[in-house]
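Chemist: Sharing a structure here in structure tokens format.
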Amino acid sequence: MRIHVDKIASVTRNLKLGKRLTLAADIQAVEGAVIAARVKGEKRTYNQLEDPHGRMSTLHDGDLIVGALGRRRALQGYEGSVPERVAPGDTLHLLNLGGVIGLCSSHHPELGPPFELEVLGQVLTFPDFQSRKGKPATLAAPVLSEKAAAAFPPTIFVAGTCMNAGKTAAACVIVRALTRAGLRVGACKLTGVSLMRDVLAMKDHGATIGLDFTDAGLPSTGPESALPAARSILQALGAHGVDVVVAETGDGILGEYGVQQILADADLMQSSAAFVLCANDPVGVAGGLEHLKADYGITVDLVAGPATDNGVGVRFVESLGTAAANARRDPAALGASVLALVQARMAVTA
């Protein structure tokens, strides 16, 4: 079956698909399988799709789109998984703006139910020269450099108590401060569900290269996949010759995307040049600091996020013996604080 699609999701970006595609009726019901589907109905909220260039476009009833099967476990979004069987004519759901598709089992009230999608078939690619035999398209083949660094580069880990805790805002401020200091900065998002937006924001602030787990062949991460993907990403960034990496972990330190496995990895944590915790409120700050120290032996260097939006929150954080800085209210202080930590780490390892 040959079709012309209207929109291609960013989750498939590394396949470099055109809009004229060939589909197969036999669909692999696995994470990363690339499928085409028809949008059913209209939505006023959460109604956009990110394309392979990072541009958002509004979806409409009848649009033919391409995305990838995957799962999502978002507290403030959708929960969904890949069903055991997928066939043309089935109804699935658009689980995120990056084009991850699955069967939704619960949703956040503010977003409403997700878009329903009528499955059309699995996209075929034709990688063999002069061969008309197509192969089912998947994200399984990573595009990271085969060359790996001998050691992980110095890394600033930016973690949060939950999604929407100010991680990307803090990461962008840090990238800008390091770049202005003359450092070659790599940026990455280690966990979550596929979306280019956050890494692109860090590149906009000066990062020379940006990667995420989709570059390691994943539509989203989980406890079994997050750590090997994170290690591959950081090694790839090291191979590109960056001086330092700003690494955001999507979702929260107690979520279901595999952040815990990264925090528990001694090699990765040994590469830490600074650890920044973003939190929404004082309870999140206190609980996050205690949890990271007790469960992983991690001492947080600085707290950011909405919990530091004014002097009340800053004083609370400082009363716990931890520095505080806010990306929106005083980005210069946040950037300077992390830069000082990085410079101290580099001086020790020089």
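Rule-based calculations on the coordinates, nothing more; no lab input. Computed from a predicted structure; not experimentally measured. Glycine also receives a Cβ, built like all others from the backbone with ideal geometry; neighbour counts cover every protein chain displayed.
Chemist: If you average the alpha carbon positions of region 278-342 and of region 1-16, how far apart do those two centres end up, in angstrom?
Modeler: Computed from Cα coordinates, the inter-centre distance equals 41 Å.
Chemist: Of the candidates ASN310, ASN164, ASN14, which one comes out as most mobile in a Gaussian network treatment of the chain with C-alpha springs shorter than 10 Å?
Modeler: ASN310
Chemist: Using r as the Cβ-Cβ distance of ALA332 and GLU290, and R0 as 35 Å, what FRET efficiency do you calculate, to the nearest 0.05?
Modeler: Computed FRET efficiency for ALA332 and GLU290 comes out at 0.75.
Chemist: Here is a follow-up. Along each of its three principal axes, how wide is the spread of alpha-carbon positions in the chain, in whole angstrom units, largest first?
Modeler: Each principal axis gives a Cα extent; for the chain these are 62, 45, 33 Å.
Chemist: Is it possible to state the helix-based mean residue ellipticity at 222 nm for the chain, with each DSSP H run of 4+ residues giving -39500 (n - 2.57), the sum divided by total residues, to the nearest 500 deg cm²/dmol? What is it?
Modeler: -7500 deg cm²/dmol
Chemist: Shape verdict for region 2-136, please, from the Cα gyration tensor: rounded (a/c under 1.5), prolate (a/b greater than b/c) or oblate.
Modeler: prolate
Chemist: Given charges of +1 on the Cβ of Lys and Arg and -1 on the Cβ of Asp and Glu, with all other atoms neutral, how large is the dipole of region 112-246 about its Cα centre, in debye to the nearest 20? Walk me through the intermediate numbers first.
Modeler: On the way: 12 positive and 10 negative charges, 68 e Å.
For this selection, approximately 320 debye.
Chemist: May I ask for the distance between the Cα centers of region 220-258 and region 19-35, given as a whole number of Å?
Modeler: After rounding, the separation between the Cα centres reads 27 Å.
Chemist: On a full-extension model of 0.36 nm per residue, what is the gain between THR349 and VAL30, subtracting their alpha-carbon distance, rounded to one decimal in nm?
Modeler: 110.5 nm
Chemist: Pairs of lysines 8 or more apart, or on different chains, with alpha carbons under 13 Å: count those in the chain, would you?
Modeler: Total qualifying Lys-Lys pairs in the chain comes to 4.
Chemist: Can you sort LEU218, LEU111, LEU292, LEU277 so the residue with the fewest Cβ neighbours within 10 Å comes first?
Modeler: Result, fewest neighbours first: LEU111, LEU292, LEU218, LEU277.
Chemist: Anyone know which of ASP267, ASP215, ASP198 comes out most mobile in the 10 Å Cα GNM of the chain?
Modeler: ASP267
Chemist: Relative to the longest principal axis of the C-alpha atoms of the chain, give the angle of the C-alpha long axis of helix 331-349, reported between 0 and 90° and rounded to the nearest 10°.
Modeler: 80
Chemist: Which of THR45, THR299, THR168 ends up with the largest GNM mean-square fluctuation for the chain, with Cα atoms connected below 10 Å?
Modeler: THR45
Chemist: What number comes out for the charge environment of ALA286, summing +1 per Lys or Arg and -1 per Asp or Glu over other residues with Cβ under 14 Å away?
Modeler: Local net charge: -1.
Chemist: Dipole of region 155-349, Cα-centred, from +1 at each Lys and Arg C-beta and -1 at each Asp and Glu C-beta, to the nearest 20 debye?
Modeler: Working: 13 positive and 18 negative charges, 120 e Å.
For this selection, approximately 580 debye.
Chemist: I would also like to ask the following. Give me SER10, SER271 ranked fewest to most by other Cβ atoms within 10 Å of their Cβ, as a rough exposure proxy.
Modeler: SER271, SER10
Chemist: Same structure again: Can you sort PHE126, PHE115, PHE275 so the residue with the fewest Cβ neighbours within 10 Å comes first?
Modeler: Fewest to most other Cβ atoms nearby, the residues stand as PHE126, PHE275, PHE115.
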